[in-house]
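These notes are about the structure you will find just below.
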Amino acid sequence: MAHEPRRDRERGGREREERDSEFVDKLVHINRVAKVVKGGKRFGFAALVVVGDQKGRVGFGHGKAREVPEAIRKATEGAKRSLTRVALREGRTLHHDVYGRHGAGKVFLRSAPAGTGIIAGGPMRAVFETLGMQDVVAKSLGSSNPYNVVRATFDALKHQHSPRSVAARRNIKVSTLQSRRREGGEAEASAD
C-alpha cells in the first residue's frame, strides 16, 4: 500500500519525460547583463528559447536568472506553456504569403515549392525548424533584435489561415472554396 504512491510518481515522471522528448528546443539568444554593486559587478542572464514538436506546434519563451542553465530552463518551460498550432500546407510550407510585425520588427513570409528549403535569418530559422516547416522564404525588415523578430514571426504565423478554416468560417465546403479560387485564377490569366 505504501509503495503505490511512489510507483505512481515514478510513472508520472517517466510519462513527463516522454512528453518532453517529443519537443525540440533551440536557443535563439542569450543576453548578459551586469549590475554594478559595492563589491563589483553582478551578472545576470536572459535567454530566448523556441520550442516545437516539428509537426505544426511551436512556442517561444523568455527566462532570466543568475546562471545560464537556469535561464534556459525557465525559458524552455515558458515556451512549452505558450505553444500554438500553425496550419501547414502538405505539412511542409505556408498556405499563403503573410506579413507580421511586433514593434519595429517586421517580417514577410512566403510559401515556397518543394525543395526550396528554409531561406531565413537566425531567429526566424529557429522558429521554422522547430515548427517542422521545410520550404519557406522569409525576409526580416526593420529591427534585427531577436526578441522582436521572433514575436513578429509568431504574429505572421497567427495570421496564417488554412482553406479548411476559411471554409468553416464561411459555411461552405473546402472543394467549393478551392474551385472558386481556380476559376478566379483562370479568369485573371485570360484577361492578360
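The values are calculated or read from the model by the stated rules, or taken from the named source; none is laboratory data. As the structure is a prediction and not an experimental result, all values here were calculated from the model. Positions of Cβ are backbone-derived with ideal geometry, glycine not excepted, and every protein chain shown enters the neighbour counts. To get the accessible areas, we keep the full protein, side chains included, count just its heavy atoms, and leave off ligands, DNA and RNA. Shrake-Rupley method; radii C 1.70, N 1.55, O 1.52, S 1.80 Å.
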- request: Report the semi-axes of the equivalent ellipsoid for segment 31-189 in whole Å, largest first, where each axis is √(5λ) for an eigenvalue λ of the Cα gyration tensor.
  value: 38, 16, 13
- line: Under the Karplus relation with 6.51, -1.76 and 1.60 and θ = phi - 60°, whole-Hz ³J(HN,Hα) for segment 109-122, x at Gly and Pro, equal 10, 10, 5, 9, x, 4, x, 5, x, 8, 10, 7, x, x
statement: Amide H proximity to residue 160 below 5 Å, modelled H, separation 5+ or other chain, gives none
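With an 8 Å Cα cut-off and a minimum separation of 6 or more residues, compute the relative contact order for segment 116-159 in percent.
40 percent.
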task: Tell me the label-point distance for the pair residue 33, residue 77, using the 7 Å Cα-to-Cβ offset, in nm and rounded to one decimal.
output: 1.9
- prompt: What are the residues whose amide H is under 5 Å from the amide H of residue 28, where those residues sit 5 or more places off or on another chain and H is modelled from the backbone?
  reply: 48, 49, 50
query: What is the spin-label model distance, in nm, from residue 54 to residue 166 if the labels are put 7 Å beyond Cα along the C-beta direction?
result: 3.0
Lys pairs, segment 55-192 - Cα-Cα below 19 angstrom, 8 or more residues apart or on other chains: 8
message: So, taking all protein chains as they sit and a 1.4 Å probe, how much accessible area belongs to residue 116, in Å² rounded to tens?
response: 50
Positive-end residue, segment 34-192 charge dipole about Cα centroid, Cβ charges, pick of 131, 108, 75: 75
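With charges set only on the Cβ (+1 for Lys and Arg, -1 for Asp and Glu), what does the dipole of segment 58-192 come to about its Cα centre, in debye to the nearest 20? All intermediate terms of the calculation are to be shown ahead of the outcome.
Working: 23 positive and 12 negative charges, 115 e Å.
In total the dipole reaches around 560 debye.
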- prompt: Check residue 118: other-chain or 5+ apart residues with amide H under 5 Å from its amide H, H built from backbone geometry?
  reply: 136
